[in-house]
Structure formats: structure tokens, C-alpha cells
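Read through the structure below, which is laid out as C-alpha cells, and then see the notes.
The values are calculated or read from the model by the stated rules, or taken from the named source; none is laboratory data. Worth saying up front: this structure is predicted, and the values here are computed from it rather than measured. Here the Cβ is made from the backbone with ideal geometry for all residues, glycine too, and neighbour counts use every protein chain on show.
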Amino acid sequence: MTGGDSSKTSGFPKRLRLRKQAEFDRVFGGKVYAADDTLVMNGTSNELGRSRIGLSVSRKVGNAVARNRWKRLLREAFRTQQSELPQGFDLVVRPRRGATPDFLRIRASLRSLAERIARKLQRGRS
């Protein structure tokens, strides 16, 4: 068994990602967002019973190395705590301008902001 085979079991499958422009547009069109010192998150509910994440890391964050680091850390933070996040939401996450890519801060921020988005959306439904 090669190293690539084992990563498939704990990877980041396509079904957990927003991939199409229309999916991003739907999230941004909902105009529900939350932010802290590390991240800005937009969200909307979906009918899938699981949450999905989309990443928006612009050139303002830095060069390709910096952007790729942010994306790796965001994906890993989502993947490792996906079962603890509210389910049934599409989330688009981007780094806050001037924030530094620190995994523990990203992880805490992701969870906190996802819960705030979920509360806002549930409040809007009732």
C-alpha cells in the first residue's frame, strides 16, 4: 500500500467543496456573513444534510506561497473538525486582511463563525 492510498480515507472529497461559480454566487447572494480577526465567512443553507466549504483567497493575501498556505490550513481545519461544525450549510471562507495563517486560530475561528452563520440562518427561517 502506498502513501497516496491512505490519504483517500481521510482526504477532502469533492462532495464537501463548493466548486462551481453558481454555488459561490448563491452563498454570496444570501448576504449572511460573520467575521472575526482571522476570517470572514459567508453562508447559506443547503439541502444536503452536510456542510460544504468554498475558499476565496485573493492576491491581496500575498504571493502564491502565502495563498496556498492559507488554503491548505483552511481545508485542514474544515476537514479535521467537520463533524463538530453545524451541518447543512454552504460556507465561503476568506482570510481577513492582515491576518496571519495560524492553524489553531483558523480552526477556532472557523468553528465560531460557522456557528454564528448557522444561528443567523436559523433565526431567519423562524
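One table, with the values for the structure above:
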| quantity | calculated |
| --- | --- |
| Yes/no for residue 67 being of a type in the set (Lys, Arg), in contact with a strand residue (DSSP E or B) (Cβ under 7 Å, 6 or more places away or on another chain) and closer than 23 Å to residue 25 by Cα | no |
| Unmet criterion (only one of (1) touching a helix residue (DSSP H, G or I) at 6+ places or on another chain (Cβ under 8 Å); (2) surrounded by 21 or more Cβ atoms within 10 Å (Cβ to Cβ); (3) not aliphatic (A, V, I, L, M)) for residue 109 | (1) |
| Residues within the stretch 31-55 that are part of a loop (DSSP other than H, G, I, E, B) and within 15 Å of residue 16 (Cα to Cα), tallied | 6 |
| Count - residues of the stretch 33-50 that are surrounded by 16 or more Cβ atoms within 10 Å (Cβ to Cβ) and under 13 Å from the mean Cα position of the chain (by Cα) | 9 |
| Members of the stretch 5-22 found to be surrounded by 10 or more Cβ atoms within 10 Å (Cβ to Cβ) and modelled with pLDDT under 85, listed by number | 6, 7, 11, 12 |
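Conditions (1) among the hydrophobic types (A, V, I, L, M, F, W, C); (2) at pLDDT below 95; (3) over 14 Å from the mean Cα position of the chain (by Cα), marked per residue:
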position: 31; (1), (2), (3): no, yes, yes
position: 52; (1), (2), (3): no, yes, no
position: 59; (1), (2), (3): no, yes, yes
position: 81; (1), (2), (3): no, yes, no
position: 93; (1), (2), (3): yes, no, no
